[in-house]
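Accompanying notes for the structure given below.
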Amino acid sequence: MSSPLATAAPAESSSSQHVVNDFSISVATVNGSGSQTANLVLLRAIFQMGVPVSGKNMFPSNIAGLPTWYTIRANAKGYIARKKEIDFLVAMNAETAREDVLSLDPGRAVLYDVPLKLNELRDDLMFYSVPFDKIVAEVCPDAKLRRLVKNMIYDGVLSHLLSVDLGEMVEALSKTLGKKPKAMALNQAALEAGAKYAQEHFAVIQHPYRIQRMNKTGGLILVDGNAAAAMGCMFAGCTVVAWYPITPSSSLPESFISYMRKYRMDKDTGKATFAIVQAEDEIAAIGMVIGASWAGARAMTSTSGPGISLMSEFAGLAYYAEVPAVVFDIQRVGPSTGLPTRTAQGDILSTAVHSHGDTKHVLLLPASMGECFDMAGDAFDLSERLQTIVYVMSDLDLGMNTWMSEPFTYPTKPLDRGKVLDEAKVRELGASWGRYKDLDGDGIPWRTLPDTGTPSYFTRGSGHNAMAQYSERADDYTNNLDRLSKKFDTAAGLVPQPVIDDVKGAKVGIIAYGSSHWAVIESRDLLKDEASLDTSYLRLRAYPFPESVDAFIRRHDRVYVVEQNRDAQMLSLLRIDIDPALQTRLRSVLHYSGLPIDARSVTQSIVAQEKQ
Amino acid sequence: MSTETSTPTPAPQAKKTNRLGLELASYRGSKTTLCAGCGHNAITERIIDACYEMGVDAKKVIKLSGIGCSSKSPAYFLNQSHGFNSVHGRMPSVATGAMLANHTMAAIGVSGDGDTGAIGIGQFVHLMRRNLPLIYIIEDNGCYGLTKGQFSPTADLGTKAKNGVVNDLPPIDTCALAIELGATFVARSFSGDKKQLLSILKAAIAHRGTCMIDVISPCVTFNDHEGSTKSYAYVKEHDEALGEVTFVPFFEDISVDYEPGSTTEVTMHDGSHLFLKKISEHYDPTDKLAANRLLHETSLRGEFPTGVIYIEPDKDDFLTSLNMVEQPLAFLPQSMTRPAPSVLEELMAGLK
Ligand SMILES: Cc1ncc(C[n+]2csc(CCOP(=O)(O)OP(=O)(O)O)c2C)c(N)n1
Ligand code: SF4
């Protein structure tokens, strides 16, 4: 090729128009090629320039060799959901480059490695070709390291093409590599070489996409949901963790381990104020959590759908024997083998009624990094208060992707350890106490812990009466089930309540939860701007549903339940629980591609259904 | 037994009490609902005796089980202790969790041969491997009692069930497995051998680490027929006792008169003494290889050795390896479990 710059005229962005702070970049690489550092440096540099940004990793279930895409979205308005369209493609993977290029909308830009010759594929895109191998050979004498360093070159090129301050990139790089001077020097050289190449070869033309400094990220942090939840557990006073590795959950306990080792060693003795066990499987993990909680510790496990399935039997025991337990479910698509690295909200229904017999469980539904942190604390408090298993329903998108967030707030509420009898309380209650007796009218009994000088009891599943004595009587069983229902009603008032945005005059309502939230807030703006449709919004934050959910549906003619699964799981759960007269008002917006939901898809679905 | 004659502080009361001043009755549980004559009931009685004689503080004990007739029995001893009848084959994990929460407790776990050898074999393996301080008792009847007599993985090869089905798989030797996997106290006994079982249980109470005790316990309803190696009749004939087991608790400072050479003496973790009268001059219960050889050779002869088969008194247990603070995790105050605001500030600064 004579010039690295293909001359195709971009269809949309004429030379005088730039798109500023509103585009998405997709970096297509091969898994294991070390692109993660480069992608995070780019993301962080944009963040440091004050522009709202989000990063989403579409990676395969593989250690090395399969294609992976990292998408960075910059958006001045602060929309951080996945953007459906790719505006700027960095094509580093020969295997997918052709398809990646062919799927772009006209007028978009492509940065690619010279030998791929992608400019021959289309003439309605902006192409930049870069001789990566040549540049990397100059900056990195050690051939073995070149594969890793190569990625920093596209960052350098992008700094020029997108007007991302090179200094910010260097600073972002030093955040990750600052403690390793050799690696830092090598990567910085690659970064600068990329920038230099771009200045020398692409200076003459107008580039369609630009990052311009703003001040919308001041004071914010960048974090992933699993780290946020791990911190939440640490500040929630969690003492026992048992877990079994599974994507996308593993980084939660792994982050937890590193925080605990640093911040939860007793100052006087240097000993651990916690115990973390990598169990032999998820059945053992939940068994340990239940054993530990039964003996009075704050215990949790973290898993994903396949682990939830294995924990099912124990979940029923925890429900009936009324033992606290906290379970994080970082949801992914099913089943165990298939697409373990793709996101979904697909465990809602099965987890709400996890196990066998009559069971119903408390689910917490975090939507943000702040909620991943806060709801960890809520989960322990609720689980001990209600003496039951509590699930925190995160997902791969929240758990593993990088999100902007306000810094977390230090929890000021003291830990709620629930109704545990101490010797004084035993004296006060006297003979009236029975392990499963409802003394307070809220369905929640008082429990005792071993080694506290309080009366013992024998814990078993459902075969007990209110005094925890062995019983197979029909009335004992029924009475106990009814009390458990009452306890669940109590739970509805204790769990995090929905966040409601009522828009005056809006006939249409939207209900969403968890990671779908971000696409929904963007979609509501699109619906207003493009279809003049006003919508109210209720964001669910927990199951059981409080009365306010019924009331919200009642106030609207049609309510769209937006979720990331095929079978409308939350909608089904709503149908079971709400006033039957309201059921016909519910409609569904479903997204189940394994990729995080995007606003465009939500908008299209609602507009189409509104036309019917 | 020689140790039963002396108590350090003779109780003033008329009724016989142990060193805590407690009567035997205070170690009992609820009334059994198992079949009359079931071997499991006899084991329950020995657990009660052992805890009484050792002066165990029942408030410092947790008792756990899986599911089965055998797993019901924790309800029948130590009423003062918290108990947990968990799920089939998963008691080891519940016990592990409970001990993580409160490492100052003593734990007694009761399982069945189905509960351990079939559905629970995975958790059993990892429990042994971890050497969690726990007395793990398999009430071994070679069948599933509670579901009415099906074969368990310790059923005899070639044995016939009531419905005529013949078991054509070899049995699992839980003692051999436990030794191989890292248990530090491995014994086998018979529910009908009062004296031996009592001594073994008392020694187990003194041990720190996993005590795996396989107790042959005939199921009188489904597996006490002729030809069953788990029947009363068979055990009486084929039990090859490794010699007498005598246990002297640390609080009973008496000398035992044994001929050197014929007796192995093991000093337990808490200072107690275990005396094992040798059947063979060459048998050393602290020798893993010898223990394995013994189990192998006796099984070839259709016999099973009873007594303490293997013991390793000083190996670090799982809880010690976790380097936990002294106070039970369950009772740590918020000041020790919620880091200061400055920690959150530091974490947040690192993410800016
Ligand atoms: C998951 C599960 N599967 C099956 C059962 C049914 N079940 C109850 S007890 C038992 C077998 C118990 O046999 P064993 O452990 O040998 O105890 P035993 O009754 O002989 O003392 C089975 C299969 C169960 N409780 N849970
Ligand atoms: S069925 Fe067998 S194991 Fe169960 S209680 Fe009866 S005798 Fe014991």
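The values are calculated or read from the model by the stated rules, or taken from the named source; none is laboratory data. Please read these numbers as outputs of a predicted model, since none were measured by experiment. In this analysis, Cβ positions are derived from the backbone assuming ideal geometry, glycine residues included, and neighbour counts consider all displayed protein chains. Surface accessibility is based on the protein's heavy atoms, side chains included, excluding ligands, DNA and RNA. Shrake-Rupley method; radii C 1.70, N 1.55, O 1.52, S 1.80 Å.
Tabulated data for the structure shown
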{"item": "Interchain or long-range residues, amide H under 5 Å from A:I246's placed H", "result": "none"}
{"item": "Exercise: per-residue mean of other protein chain Cβ atoms within 10 Å, A:238-248", "result": "2"}
{"item": "Positive-end extreme of charge dipole, the stretch B:1-154 - chosen from B:N141, B:G39, B:S81 (charges on Cβ)", "result": "B:S81"}
{"item": "Whole-Hz ³J(HN,Hα) from phi, Karplus 6.51 cos²θ - 1.76 cosθ + 1.60, for the stretch B:169-174, glycine and proline x", "result": "10, x, x, 8, 9, 5"}
{"item": "Under 21 Å from A:K504, Cα to Cα: lysines that are on another chain or at least 8 residues apart", "result": "A:K528"}
{"item": "q = 0.10, 0.23, 0.24 Å⁻¹, the stretch A:197-308: log10 I(q)/I(0) [Debye, one scatterer per Cα]", "result": "-0.45, -1.28, -1.34"}
{"item": "From the C-alpha gyration tensor of the stretch A:423-476, square roots of 5λ in Å", "result": "20, 14, 9"}
{"item": "Cα lying deepest toward the dipole's positive end in the stretch A:499-611, options A:S516, A:S548, A:I500, charges on Cβ", "result": "A:S548"}
{"item": "Residues along the stretch B:77-93 losing 20 Å² or more of accessible surface when the other protein chains are present rather than the chain by itself (probe 1.4 Å)", "result": "B:H82, B:G83, B:F84, B:N85, B:V87, B:R90, B:S93"}
{"item": "All-pairs alpha carbon distance profile, the stretch B:53-176, 5 Å steps from 0, percent", "result": "2, 12, 21, 21, 17, 12, 8, 4, 2, 1"}
{"item": "Crossing angle, helix B:121-130 versus chain B [Cα axis fit, 0-90 degrees, rounded to tens]", "result": "60"}
{"item": "Accessible-area composition of chain A, carbon plus sulfur, in percent [1.4 Å probe]", "result": "51"}
{"item": "Percentage relative contact order, chain B, counting C-alpha pairs under 8 Å, at least six apart", "result": "16"}
{"item": "The protein assembly as shown: Cα Rg divided by the 2.2 N^0.38 Å rule of thumb", "result": "1.10"}
{"item": "Where A meets B: accessible area buried, both sides, 1.4 Å probe, Å²", "result": "5200"}
{"item": "Helix A:369-386 vs. chain A, principal-axis angle (Cα, 0 to 90°, nearest 10)", "result": "10"}
{"item": "Share antiparallel - DSSP beta bridges, the stretch A:223-405, percent rounded to 5", "result": "15"}
{"item": "Local net charge near B:M348, Cβ-Cβ under 15 Å (Lys/Arg +1, Asp/Glu -1)", "result": "-2"}
{"item": "Spin-label pair A:K179/A:S432, simplified geometry with 7 Å Cα→Cβ offset, distance in nm", "result": "5.6"}
{"item": "Paramagnetic label zone (point 7 Å from Cα along Cα-to-C-beta, A:K271; backbone N under 11 Å) in the stretch B:93-130", "result": "B:103-104"}
{"item": "Karplus-derived HN-Hα couplings along the stretch A:389-397 (A = 6.51, B = -1.76, C = 1.60, θ = phi - 60°), whole Hz, x at Gly and Pro", "result": "7, 10, 10, 9, 8, 8, 8, 4, 4"}
{"item": "Compactness of chain B - radius of gyration and Dmax, Cα, Å", "result": "21.3, 76"}
{"item": "Rounded Å value of the spacing that divides the Cα centres of the stretch A:283-300 and the stretch A:332-370", "result": "20"}
{"item": "Nearest-20 debye value, the stretch A:283-377 charge dipole, Cβ charges on Lys, Arg, Asp, Glu", "result": "180"}
{"item": "For chain A, cysteines whose Cβ has no other cysteine Cβ within reach (under 4.7 Å)", "result": "A:C140, A:C372"}
{"item": "Local electrostatic count at B:Q150 - Lys and Arg +1, Asp and Glu -1, tallied over other residues with Cβ under 12 Å", "result": "+1"}
{"item": "Spatial separation of Cα centroids for the stretch B:164-232 and the stretch A:372-421, in angstrom", "result": "45"}
{"item": "In Hz, Karplus ³J(HN,Hα) per residue of the stretch B:152-160 (6.51, -1.76, 1.60; θ = phi - 60°; x = Gly, Pro)", "result": "10, x, 9, 5, 6, 4, x, 6, 10"}
{"item": "For q = 0.32 Å⁻¹, Debye-computed log10 I/I(0) when each Cα of the stretch A:364-406 counts as one equal scatterer", "result": "-1.11"}
{"item": "Relative frequency of Cα-Cα separations exceeding 13 Å in the stretch A:505-562, percent", "result": "58"}
{"item": "Size of charge dipole - the stretch A:19-210 - debye, nearest 20, with Cβ of Lys, Arg +1 and Asp, Glu -1, no other charges", "result": "660"}
{"item": "Cα lying deepest toward the dipole's positive end in the stretch A:423-476, options A:A431, A:H464, A:T452, charges on Cβ", "result": "A:T452"}
{"item": "Magnitude of the charge dipole, the protein assembly as shown, Cβ model with Lys/Arg +1 and Asp/Glu -1, debye to 20", "result": "1580"}
{"item": "Dimensions (Å) - the stretch A:223-405, Cα atoms, principal axes, largest first", "result": "47, 39, 28"}
